[in-house]
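Student: One structure is given below, represented as structure tokens, and several questions about it will come after.
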Amino acid sequence: MTISAPDPAQPPPWTLHLPPGTPAAHLDLAAGQTLVGCWVAAWADDPGHPVLTTLDGTAVSAGELAERTAVAAARYAAAGLVPGDRLLMSAGPSVDLIVAYVAALRYGLTVVPANTAYTGPELAAVLADATPALAVLDDPARLPAGEVARPSVDPPGARPATMSTPATTRPDLGGLPAPVAEVALDLARPGDVALIVYTSGTTGRPRAAPLTHANLLASAHAVRLAWRWRPDDRLALCLPLFHVHGLGVGLHGSLTAGASVLVLPRFSESGVAAAVREGGATLFFGVPTMYHRLAGSAHLAELRGLRLAVSGSAPLPADLHAAVAAGSGQRVLERYGMTETLMLASNPYAAQRRPGTVGFALPGVSLRLTEGATGLTEIEVAGPNVISGYRDRPDADAVAFTPDGWFRTGDLGTFDADGYLRISGRVKELIITGGYNVYPREVEEALTSHPAVADAAVVGVASAEWGETVVAFVVASDAVDRGLLQRQLGGWCADRLAPHKRPREWRWIDRIPRNALGKIVRHELSP
């Protein structure tokens, strides 16, 4: 049963994101038709505009990027790849990686990004499912012996000998044959698949989400409009480029806006500060873990020079939001998205950014809350940013999509009195104890607000009496008496949580397991 949905008689909520004077009727999230169509047009308009820079002085102009990606595309062709082939990429952020990636899209290849932390067997599993023709890796030795073949040196148009053991090369493509002729570029169509991104599910076989040029372009235009992205902006980009946060939001948004990217090889507090102070960065996108480290460093005040700081990929605690604001003047803008849908909602740029919420639906996106069989309100979404289905997984499609075509996010949510969306947890993470629902995030926020708690995670454990009981995993901020702290936390939670929400068991650990984007990996927490 749908309990909250857009009122067709009222302006869509996403109109709140549009710049003043922008008629909703003129919204065009397909401008440019494809990612590369949009980018190439921007490069032609201002070929001297710096597009990619680094702190060590590297600068690539729009015209140079057009030339370098054309050469790289011709090298793909010389290695035997043809438009429609799949290309696995797994390397840290760099100018070379971006050139290799953009060239792949310009040539009509489908890119399969893979986590740089994957081991050989994990990469081999992705290769087996995606069957790419070529793998671009920071270190080809990451693949197990027997899984690597050298790049083809056959004449242009020849096919690689096998698709199960793809050729490999580094991000600079130095292992590929030199181009022997120009190739046709920028011929992709809006419905062509640009990316296949594997979901980072903690259980079961990962699902492959095929994202088309139209999906990616619509999302890039939506955040460009909502965040007032301009050509004179420069994004300090240190997010991984194997995930839609760094790739689909950071890189795609910058190129779609005609802006610049300051490429940082990794996150560090001093690096972000230098990007603002010396590199002229006006934008920074990070995950909560990054903001936590910045807030505890001597570099927090440097964020004052930014036009906009954005957080995503995991919930940003309200107390961290306040700490960043107090130390830098930045009211961090929290947004909401996922692999299958790209960006869904955002706090407003020009109005109140409300901690603990993700704001309103982005331009072109429709959100609704539907009550499921358990009585929980799940967030469902529709829009040009949403995939049409998983790759070769009709079983997953049957679960993920409603009969009327909306995508079930698996996130639980509520709208406050002003229409701001708050995410209360995941359907599968919900703890039901004694018939009562407990959202882990709510308990975790209560625990981490205690000054002696550095981090915390909550899981449910099977109980014959209660169905499940709440177990808290806690990282103490200092060397404290754990028995004393446990008693203190008992009282602390009693003042803040109803009895059924309070942890019944406590576990003390050195760190909470989190993935590269700061999300808790709950299945690694063993009671």
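Student: If r is the Cβ-Cβ distance from residue 461 to residue 314 and R0 is 35 Å, what FRET efficiency results, to the nearest 0.05?
Tutor: Efficiency, rounded to the nearest 0.05: 0.95.
Student: Follow-up. Of all the accessible heavy-atom surface of region 195-285, with the other protein chains kept in place and a 1.4 Å probe, what percent is carbon and sulfur?
Tutor: Carbon and sulfur: 51 percent of the exposed surface of region 195-285.
Student: On to the next question. Can you compute the FRET efficiency between residue 293 and residue 479 using 1/(1 + (r/R0)^6), with r the Cβ-Cβ distance and R0 = 22 Å? Round to the nearest 0.05.
Tutor: In this case the efficiency is close to 0.60.
Student: When the Cα centres of region 413-475 and region 258-305 are compared, how far apart do they sit, in Å?
Tutor: Cα centroid to Cα centroid, the span is 31 Å.
Student: In addition: When DSSP assigns beta bridges and you keep just the ones with both residues in the chain, what percent turn out antiparallel, to the nearest 5?
Tutor: 60 percent
Student: I would also like to ask the following. Give me D for region 188-308 in µm² s⁻¹, whole number, from Stokes-Einstein with Rh from the Kirkwood sum over alpha-carbon pairs, 20 °C and 1.002 mPa s.
Tutor: 139 µm²/s
Student: Pairs of Cα atoms under 8 Å, at least six residues apart: use those to get the relative contact order of region 291-339, whole percent.
Tutor: Relative contact order for region 291-339 comes out at 44 percent.
Student: What number, in percent, do you get for the relative contact order of region 337-383 if the mean sequence gap of Cα pairs under 8 Å and at least 6 apart is divided by its residue count?
Tutor: 27 percent
Student: Here is a further query. With a cut-off of 8 Å between alpha carbons and a minimum separation of six or more residues, what is the relative contact order of the chain in percent?
Tutor: Dividing the mean separation by the residue count of the chain yields 12 percent.
Student: Report the gain in length on full extension from residue 278 to residue 59: 0.36 nm times residue separation, minus Cα-Cα distance, nm rounded to one decimal.
Tutor: The residue 278-residue 59 span can extend by a further 77.4 nm.
Student: Once neighbouring chains are kept in place and the probe is 1.4 Å, which whole percent of the accessible area of region 1-154 is contributed by carbon and sulfur?
Tutor: 57 percent
Student: By per-residue mean of other Cβ atoms within 10 Å, what is the highest-first order of 117-130, 14-27?
Tutor: In descending order of packing, they fall as 117-130, 14-27.
Student: How much length, in nm to one decimal, is gained on full extension between residue 414 and residue 199, taken as 0.36 nm per residue of separation minus their Cα-Cα distance?
Tutor: Net length gain for the segment: 74.9 nm.
Student: Next question, about the same structure. Taking the Cα centroid of region 333-379 and of region 48-114, what is the distance between the two, rounded to the nearest whole Å?
Tutor: A separation of 32 Å, based on Cα centres.
Student: Restricting the count to DSSP beta bridges whose residues both fall in region 240-355, what percent are antiparallel, rounded to a multiple of 5?
Tutor: 40 percent
Student: Taking the solvent-accessible surface of protein heavy atoms with a 1.4 Å probe, what is the per residue accessible area of region 228-274 in Å²?
Tutor: 23 Å²
Student: What residues from region 434-457 fall in the zone where the backbone N is under 20 Å from a label point 7 Å along the Cα-to-C-beta line of residue 488?
Tutor: 443-457
Student: Assuming a ≥ b ≥ c are the square roots of the Cα gyration tensor eigenvalues, decide whether region 241-300 counts as rounded (a/c under 1.5), prolate (otherwise, with a/b larger than b/c) or oblate.
Tutor: Judged from the Cα gyration tensor, region 241-300 comes out oblate (a/c at least 1.5, b/c at or above a/b).
Student: Calculate the spin-label point distance for residue 124 paired with residue 507, positioning each point 7 Å from the Cα along the beta-carbon direction, and give it in nanometres.
Tutor: 3.0 nm
The values are calculated or read from the model by the stated rules, or taken from the named source; none is laboratory data. All of these numbers come straight from a predicted model, not from anything done at the bench. When we count neighbours, we look across all protein chains shown, and the Cβ atoms used for this are built from the backbone with ideal geometry, even at glycine. Keep in mind that these areas ignore ligands, DNA and RNA; they rest on the heavy atoms of the full protein, side chains included. Shrake-Rupley method; radii C 1.70, N 1.55, O 1.52, S 1.80 Å.
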